[in-house]
Amino acid sequence: MNIVFICGCIEPGRDGVGDYTQRLSAELVESGHTCGIIALNDPYISGSFDSIITTNHSAIKVLRYSSLKIAIQHKQRIYGWLNLFHADIVSLQFVPFAFHPKGLPFQLAAFLSELVMQKALHIMFHELWVGMNVNASFKEKCWGVVQRQLIRLLVYKLKPAIIHTQTHLYQQQLSRLSIQSNLLPLFGNISVFNENGLKKDSDKIKNNELRLVLFGGIHPGSPFRQFAEDAQQYAKLKNLDINLTLLGRCGHLQDEFAEIWKSLWMVVTIEGEQSPEYISRILARSTVGMTTTPLMLLEKSGTVAAMLEHRVPVICLPQKWATSFSAKATIPGGIIAYSSQQKNIADCLQPEHDAFGLSINSVSRVARQFLNDLSVR
């Protein structure tokens, strides 16, 4: 099968959906398919160019444009590129902010409808609209209304053969727009570099040491201070050392979290951005992972998926986040939500993986489901 993916940016390590698209493409190429990628709004280049990139030893043909405006001006070139590729299906990897700085790509639907014409189309909704949180500002909610209408228009114009999203929440929201979608789970944003290096449960805790890792962006409003205090009390009770590693792009709250942890006389290490292989090694030797992503959005977190792929159960320290309609959070296996009211710190810090029933979605498994869903469209 010849598959062309369309996304915003594919500069390695700079765009989560771009990295996702490259990894999925590489897996499909390894399975015998041919893949190409068109990046319509890639600010890391000037103008446009086409080339062949290598991801995980797989060659992928790419066509990149620095902005959607320039891509629209080169519509005939892109159309010719698609025809020469003999694409069986075109897959749009949709994030509103990937195609417009304010997440309002008004020209996208009309442009793509002319571009793909009679080709079978697939849409993967990675994100929908802002203002979904019941506590969002009036401005965000108005903004979200416009984005919602643009999604309606996109689906109406393109008439996709199949639609995917990766969270139950987004599936429910699309259903409220009378848009039917299937779930395609997210794989981790960091590959497991050494399967044999993944430690068994009995190896995860030695010398009375628990190794926690907080990987990825830190969201405001999480109960981290209370968690740290509970962890300190648990460490005293069990005679444990609980060490914390802050890994990846944690954001502006990173130093605050580190100071809270150190103020309780516990060890914290700030690793920051590292190579994928180094991150994989850190995750593989960790006892328990941590995230501050809201419960309802856990299924769209590449860092959470990566920790689970590395056989690391995850503690969620969620901020208060809810929708205006009754939507129930779907929590993947292997994740436990910390609650100071329920005093469940002991459950959170148990290192036995089997008790969590880890939900692991590797890139190969996701690629197989992607192909199966396309084949029955």
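Antiparallel beta bridges, as assigned by DSSP with both residues in the stretch 195-360, represent about 5 percent of the total such bridges.
If the limit is 19 Å between Cα atoms, which of Lys102/Lys141; Lys119/Lys157; Lys236/Lys343; Lys69/Lys159; Lys236/Lys262; Lys159/Lys328 go over it?
Lys69/Lys159; Lys159/Lys328
The gain in end-to-end length when the Arg281 to Ser263 segment is fully stretched comes to 3.7 nm, 0.36 nm per residue minus the alpha carbon separation. What the phi angles of the stretch 49-60 give under the Karplus curve with 6.51, -1.76 and 1.60, with θ = phi - 60°, is a coupling list of 6, 10, 7, 10, 10, 10, 10, 6, 6, 10, 8, 10 Hz, glycine and proline written as x.
Between Phe111, Phe99, Phe187, which gets the highest mean-square fluctuation from a Gaussian network model of the chain, Cα cutoff 10 Å? Checking each option, the largest mean-square fluctuation is seen for Phe111.
Across Ser301, Ser324, Ser359, mean-square fluctuation computed from a Gaussian network of the chain (C-alpha pairs under 10 Å connected) peaks at Ser324. One chain, two ends: His33 and Lys102. Fully extended at 0.36 nm per residue, the span grows by 21.3 nm beyond their Cα-Cα distance.
Using the Karplus relation 6.51 cos²θ - 1.76 cosθ + 1.60 with θ = phi - 60°, the per-residue 3J(HN,Hα) values for the stretch 167-175 come to 10, 5, 4, 5, 4, 5, 5, 5, 4 Hz, with x marking Gly and Pro. Helical runs (DSSP H, four residues minimum) scored at -39500 (n - 2.57) apiece and divided by the length of the chain put the mean residue ellipticity at 222 nm at -10500 deg cm²/dmol.
Shown in residue order for the stretch 62-68 are the 3J(HN,Hα) couplings computed by the Karplus curve 6.51 cos²θ - 1.76 cosθ + 1.60 at θ = phi - 60°: 10, 10, 10, 10, 6, 7, 4 Hz (x for Gly and Pro).
Please report the antiparallel percentage of the DSSP beta bridges confined to the stretch 39-140, to the nearest 5.
Taking every DSSP beta bridge with both residues in the stretch 39-140, the antiparallel ones total about 55 percent.
Computed from Cα atoms, the angle from the helix 254-263 axis to the main principal axis of the chain rounds to 10 degrees. For Glu209, the residues 5 or more places off, or on other chains, whose built amide H falls under 5 Å of its own are Asp241. Each 20 Å bin from 0 upward holds the following percent of the Cα-Cα pairs of the chain: 28, 55, 17, 0.
For Asn344, the residues whose modelled amide H falls within less than 5 Å of its own, excluding neighbours fewer than 5 places apart on the same chain, are Ser339. Compactness of the stretch 1-158 is given as radius of gyration and Dmax, 15.6, 49 Å, from Cα positions.
Since every read-out is calculated from the coordinates, none of them should be taken as a lab result. Note that the structure is a prediction, hence the values are computed from the model and not measured.
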